[in-house]
Ligand SMILES: *Cc1c(COP(=O)(O)O)cnc(C)c1O
Ligand SMILES: [Zn+2]
C-alpha cells in the first residue's frame with residue numbers, strides 16, 4: 001500500500017487520483033492530500049525522524065512525495081530560539097522564536113512549500129513552473145526552478161518592494177508585474193493555468209504545496225523535545241500556514257509522536273488587510289474579502305483561499321486573532337532586532353506586534369510556553385524602515401571628528 005492514496009475534497013470528501021488538481025468538480029471545495037496513516041505509522045518514529053537529514057525532509061513520511069525529493073534539499077530545519085531578552089521585555093519567560101527568516105535558500109518560510117511543490121512538479125513531469133505571489137513565493141519558486149533546471153514564470157503585483165522584485169529577477173525567470181492587487185494577479189493566473197500546461201505551485205499543485213507548511217510545526221515540536229507548546233502565533237496571508245499548523249499537531253498526535261496537544265493557535269494579520277481576523281472578531285462563518293492597504297505586502301491577500309479553514313483552526317484550538325497597524329509593525333520589527341538580533345520583514349513585525357497584544361489582553365498567559373513564527377527576512381523590505389531608525393553619523397576621516405562626535409553622543 002502507498003502512503004498517499006490520492007486527493008480528497010475537504011468539503012464533500014469525494015476522492016480524486018494523485019494528479020495536478022485542486023478543486024472538486026462537484027462542490028468546488030478545495031482538494032487535500034489523502035494519506036494512509038496506517039502505512040505511515042509503520043515507517044515513522046521519533047527515532048527515525050531524528051536520524052533523518054537536517055532539513056524538512058526528515059518528515060518525508062508525512063509529505064506527499066512518492067520518489068526521492070529533487071527540490072529544496074536543504075530547506076527547513078531553521079533555529080528555534082529561546083528569546084530571553086524579548087521574553088524579559090514582554091514578561092513571558094518561555095518565549096521562543098521559530099526563525100524562518102533564515103530558511104534556505106531564499107530567507108522565508110516559502111522555501112518549505114516550494115520544496116514540496118517543485119519536487120512534486122518534477123514527479124508529474126512538468127518542464128515549467130509558475131506562481132502568483134506577494135513576493136516571497138516568487139523568490140523561492142525562481143530560485144528552486146534555477147536549481148532544478150525548470151522554466152519559470154513569476155506573476156506579482158507591480159508595486160512590490162524592490163528587494164522582493166530583485167530577489168526574483170536575479171534567477172532570470174520571466175517576471176510579469178500586474179497592475180493590480182494580489183487577488184487580481186491570482187485571478188489572472190487561474191485563467192492562464194487553464195490555457196498553459198504549467199505547474200502553478202499555488203494553483204494546480206496547491207494541495208501538495210500546502211503540505212510543506214506542516215514542517216514548520218513538526219520542527220518546533222521536535223525542537224522543544226517532542227512537546228507541543230501552549231501557544232503558537234503565526235501570520236496569515238492565504239491562511240494555509242495557520243491551517244497546516246493545526247493539521248501538523250493532529251498528525252503528530254495521531255501517530256503517537258506526542259501526547260494530546262493543547263495548543264492554542266493564534267493568527268496575526270495587518271489592520272489594513274485582516275479578513276481572517278475580522279472573521280474571528282465577528283464570530284462569523286464567512287470571510288469577507290477586503291482591499292489591502294498595509295506595508296505588510298507579503299500578507300496582503302484580501303480574499304484568502306484558506307481563510308475560513310484558518311479561522312476554524314484558530315477557533316477550534318481556543319486561540320484568537322489580532323490586527324497590527326503599520327506603526328505597530330515597525331515598532332515590533334525594531335523590538336525584535338534590539339532584543340534578539342533578528343531582522344524580520346513586515347510580516348514578522350505583524351506577528352510579533354500581535355503576540356504583544358495577545359499577551360496584554362490575556363489571551364496568552366505569561367507563565368506559558370509561546371512560540372512565535374517569524375516567517376521572513378527584513379533585508380527584503382528595507383523601505384519599511386526608511387526614516388524609521390536613527391540616521392548614521394557622518395564625519396570626516398579624522399580622530400578629532402570622532403572625538404567631537406563622542407562628546408555629543410556618549
Ligand atoms: C506567504 C507568507 C506567509 C503565510 O502565508 P499563507 O498564505 O497564510 O500560508 C507568512 N509569512 C510570510 C513572510 C509569507 O511570505
Ligand atoms: Zn467536493
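Every number here is computed from the coordinates shown, using simple stated rules; none is lab data. Not measured: the values here are computed from a predicted model. All Cβ positions, glycine included, derive from the backbone under ideal geometry; neighbour counts span all protein chains shown.
Available extension along the chain between residue 262 and residue 147 is 37.4 nm, counting 0.36 nm per residue and deducting the alpha carbon span. One Cα centroid belongs to the range 191-214, the other to the range 34-67; the line between them spans 23 Å.
What the pair-distance distribution of the chain shows, using all Cα-Cα distances binned every 20 Å from zero, is 28, 59, 12, 1 percent. Between residue 410 and residue 315, the C-beta separation translates, for a Förster distance of 56 Å, into a calculated FRET efficiency of about 0.60. Taking label points 7 Å from Cα along the Cα-to-Cβ direction, residue 285 and residue 85 give a separation of 4.9 nm.
Based on the Cβ-Cβ distance from residue 195 to residue 68, what FRET efficiency comes out when R0 is 30 Å, to the nearest 0.05? After rounding to 0.05, the efficiency reads 0.40.
Its relative contact order, with pairs defined as Cα atoms under 8 Å and 6+ residues apart, puts the chain at 15 percent.
Sorted ascending by nearby beta carbons within 10 Å, beginning with the fewest, 326, 306 become 326, 306. For the range 1-43, the relative contact order comes to 45 percent (Cα pairs under 8 Å, sequence separation of at least 6). In terms of the mean number of neighbouring beta-carbon atoms within 10 Å, the peptides 284-296, 191-203 order highest first as 191-203, 284-296. Largest first and in whole Å, the equivalent-ellipsoid semi-axes of the range 98-145 read 20, 11, 7, each the square root of five times a Cα gyration tensor eigenvalue.
Counted by neighbouring Cβ atoms within 10 Å, the residues 329, 342 run from fewest to most as 342, 329. Per residue of the chain, the DSSP helices (runs of n ≥ 4 H) give a summed -39500 (n - 2.57) that works out to -11500 deg cm²/dmol at 222 nm.
Relative intensity of the range 1-43 on a log10 scale, I(q)/I(0) at q = 0.34 Å⁻¹, equals -1.12, per a Debye sum over C-alpha point scatterers of equal strength in the absence of solvent.
For the Cα trace of the range 270-380, dividing Rg by the Kirkwood Rh returns an Rg/Rh value of 0.96. In this calculation the C-beta distance from residue 36 to residue 226 is compared with R0 = 22 Å, giving a FRET efficiency of 0.40.
Rg and Dmax, both from the Cα atoms of the range 141-259 and both in Å, are 17.5, 49. Sorted on the mean count of surrounding Cβ atoms within 10 Å across their residues, most packed first, peptides 358-367, 78-87 read 78-87, 358-367.
Remark: the residue 14-residue 170 segment gains 51.9 nm on full extension, using 0.36 nm per residue and subtracting the alpha carbon distance.
Sorting the segments 133-140, 116-123 by their mean number of nearby beta carbons within 10 angstrom, highest to lowest, gives 133-140, 116-123. Put the Cα centre of the range 350-402 next to the Cα centre of the range 223-251 and the gap is 23 Å. The relative contact order of the range 1-78, computed from alpha carbon pairs under 8 Å that lie at least 6 residues apart in sequence, is 26 percent.
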